[in-house]
1. Say a paramagnetic label sat at a point 7 Å from the Cα of Leu47, along Cα to Cβ; which residues of segment 96-115 have their backbone N under 13 Å from it?
2. Using the heavy atoms of the protein chains alone and a 1.4 angstrom probe, what is the accessible area of segment 1-120 per residue in square angstrom?
3. Place a +1 charge on the Cβ of each Lys and Arg in segment 1-138 and a -1 charge on the Cβ of each Asp and Glu, then give the dipole magnitude about the Cα centre in debye, rounded to the nearest 20.
4. For segment 23-33, take each phi angle, set θ = phi - 60°, evaluate the Karplus expression 6.51 cos²θ - 1.76 cosθ + 1.60, and give the result in whole Hz per residue in order, putting x for glycine and proline.
5. How large is the Rg to Rh ratio of segment 1-137 when both quantities use alpha carbon positions and Rh follows Kirkwood?
6. Give me the distance in nm between label points sitting 7 Å out from Cα along the Cα-to-Cβ direction at Ser70 and Phe54, one decimal.
7. Out of segment 29-88, which trypsin sites (Lys or Arg not before Pro) are coil in DSSP terms and have no more than 11 other C-beta atoms within 10 Å?
8. What per residue convex hull volume, in Å³, comes out for segment 1-80 when only alpha-carbon positions are used?
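The values are calculated or read from the model by the stated rules, or taken from the named source; none is laboratory data. Computed from a prediction, not measured in an experiment: that's the story for all the values here. Backbone-built Cβ (ideal geometry, glycine too); neighbour counts: all protein chains shown. To get the accessible areas, we keep the full protein, side chains included, count just its heavy atoms, and leave off ligands, DNA and RNA. Shrake-Rupley method; radii C 1.70, N 1.55, O 1.52, S 1.80 Å.
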Amino acid sequence: MEGILNIILLGGMAVTAIAIAKMRNLFVVTMLSGIYSLLSAGIFVLLDAVDVAFTEAAVGAGITTVLFLSTLILVGREAKPRQFRMQAILPFLLVLAVGAGLIFASLDPNMPRFGDPNSPANQRLAPEFLADSVPQVGNEAPTRVGIPNIVTTTLASYRGYDTLGEVVVIFTAGIAVLILLGAARRRREDEELEGPETGAKPEPPKEDSRMADASKEAPGS
């Protein structure tokens with residue numbers, strides 16, 4: 001059942017990505033981007049990475065969608081059509097090459113199977129994290145970290161600085177986008193107010209050279 005759900009979610013992500021590339025309406029593209037993030041969050045939940053799913057849903061489908069909708073106020077809803085260029089094929093080929101390399105690496109028989117409890121990652125660090133966050137049965141003594149949750153222990157203690165850095169990056173990106181939107185709006189308002197006053201004066205029409213010669217040759221001129 002879980003495999004069927006993974007296939008459905010991955011298929012939905014592929015269809016959504018193709019629709020995003022084809023659409024010209026930026027409002028529809030923004031909504032589809034939020035749907036893509038929600039599908040990604042669903043896959044993370046199936047992979048038992050609930051903390052990553054929360055982050056993807058909050059940042060990808062929440063904050064990012066709000067920022068995109070705010071940007072549409074300034075840039076409009078329709079994307080300008082662009083002519084096809086040969087340079088656009090190079091990034092596409094690079095993505096295909098990287099994806100093929102990752103798939104080829106995942107087929108290595110020496111790599112542990114997904115979720116294998118005997119893998120090096122689960123034999124070295126996982127027992128230490130479990131011992132630090134889950135007290136033993138019958139032992140009321142506090143754990144080393146003092147947080148009775150494995151995910152919270154990892155994010156708030158062992159990865160505390162990394163989590164703090166991620167929060168700072170997200171906060172800085174949001175503030176930067178808001179500053180750019182505010183500056184663009186003020187610039188547009190200033191142009192609307194100062195445009196008629198500071199506009200260049202129209203140049204007087206130039207006199208035709210033939211009319212000027214005729215006026216010089218006229219008697220009494």
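1. 114-115
2. Computed with neighbouring chains in place, this is 75 Å² per residue.
3. 960 debye
4. Along segment 23-33, the couplings run 6, 10, 7, 5, 5, 5, 4, 5, 5, 5, 5 Hz.
5. Details: Rg = 20.0 Å, Rh = 18.6 Å.
Looking at segment 1-137, the ratio lands at 1.08.
6. Taking the two extended label points, one gets 2.4 nm.
7. Working: sites: Arg77, Arg82, Arg85; in loops: Arg77, Arg82, Arg85.
Those satisfying the criteria are Arg82, Arg85.
8. Details: hull volume 5.1 nm³, N = 80.
Hull volume normalised by residue count: 63 Å³.
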